[in-house]
1. For region 162-182, what are the residues that are within 18 Å of the chain's Cα centre (by Cα) and either part of a loop (DSSP other than H, G, I, E, B) or under 26 Å from residue 205 (Cβ atoms) (or both)?
2. Tell me the residue from 140, 132 that is in contact with a Cys (Cβ under 8 Å, 6 or more places away or on another chain) and touching a residue at least 60 places away in the same chain (Cβ under 8 Å), please.
3. Select, from 159, 146, the only residue that is assigned by TED's automatic domain parsing to the domain that holds residue 73, in a strand (DSSP E or B) and among the β-branched types (Val, Ile, Thr).
4. Being assigned to a helix (DSSP H, G or I) and at pLDDT 95 or above: is that true of residue 112 here?
5. Mind listing whichever residues of region 141-157 are among the hydroxyl-bearing types (Ser, Thr, Tyr) and surrounded by 22 or more Cβ atoms within 10 Å (Cβ to Cβ)?
6. Only one residue in 44, 35, 48 is under 29 Å from the mean Cα position of the chain (by Cα), more than 30 Å from residue 136 (Cα to Cα) and either at pLDDT below 55 or of a type in the set (D, E, K, R) (or both), so which one is that?
7. Among the residues of region 132-140, are any part of a strand (DSSP E or B) and either surrounded by fewer than 17 Cβ atoms within 10 Å (Cβ to Cβ) or in the same structural domain as residue 178 (by TED's automatic domain parsing) (or both)?
Amino acid sequence: MITRQKIRGMEILFGRFITLKTQFRKHTCTLLHCLINLKTMKILFFGLLMTLFILPVSAQKDWDVYIFIGEECPVCNFMGKPLSLIYDKYKEQADFHLVFPLKNSNYKTSQLFKEQYGLLAFETILDKDQKVTKQLGASVTPEAIITDKAGTIKYKGRINSAYYAPGKMKHSSIKDDLDLALASLIKGQRVATPWPPPVGCYITMYASK
């Protein structure tokens, strides 16, 4: 797919190509100098083709999705599969982060959780000082928060309605709240309010030093 970034890259490379070509025609040069210029023009032309047809360019993502996780929380464990599916669906539009806000979390425990539930593609944030937790106002694990790239919260609530209370699961249809929120934002729509509150394990907040 030819994106705006590829077109811009093509314009830059083409401009350099034309500049060299003009210089080559205007100036008398030694045989060695001419050969060097010809080689340079060929390299730039090859770069132009690579930019246009081969090399992928990462699209700018508009959203950040933060999922607050407690490794020992049963509701967090259950949400592994739904989160994996949401990532696969929206990974081109959003950056996904797993935030571990508890003091006993560390690299080993967070990686084990990610491996066990297929979430290795998520960025790990070990939030031992709870700076991110307090900034976004998270209070429960699991809790989903979507922000734009300026940090404005666009959704804050549960991942889905599988649990209606800690330890109590629904046996009827499940509403995929995080999925619906992302779909609305990508369409340019606001997420309907009130946002459904998260259900799970409360985050123990530590006093600031």
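The values are calculated or read from the model by the stated rules, or taken from the named source; none is laboratory data. Predicted model only: the values in this text are computed from it and were never measured. Cβ placement follows ideal geometry from the backbone for every residue including glycine, while neighbour counts extend to all protein chains displayed.
1. Start the filter on region 162-182 by keeping residues that are within 18 Å of the chain's Cα centre (by Cα), which leaves 178-182.
The answer is 178, 181.
2. Working: 132 fails: in contact with a Cys (Cβ under 8 Å, 6 or more places away or on another chain).
Checking each option against the conditions leaves just 140.
3. None of the others qualify; the one that does is 146.
4. For residue 112, the condition - assigned to a helix (DSSP H, G or I) and at pLDDT 95 or above - is met.
5. Within region 141-157, 141, 155 meet the criteria.
6. After applying the criteria, what remains is 48.
7. Yes - at least one qualifying residue is present in region 132-140.
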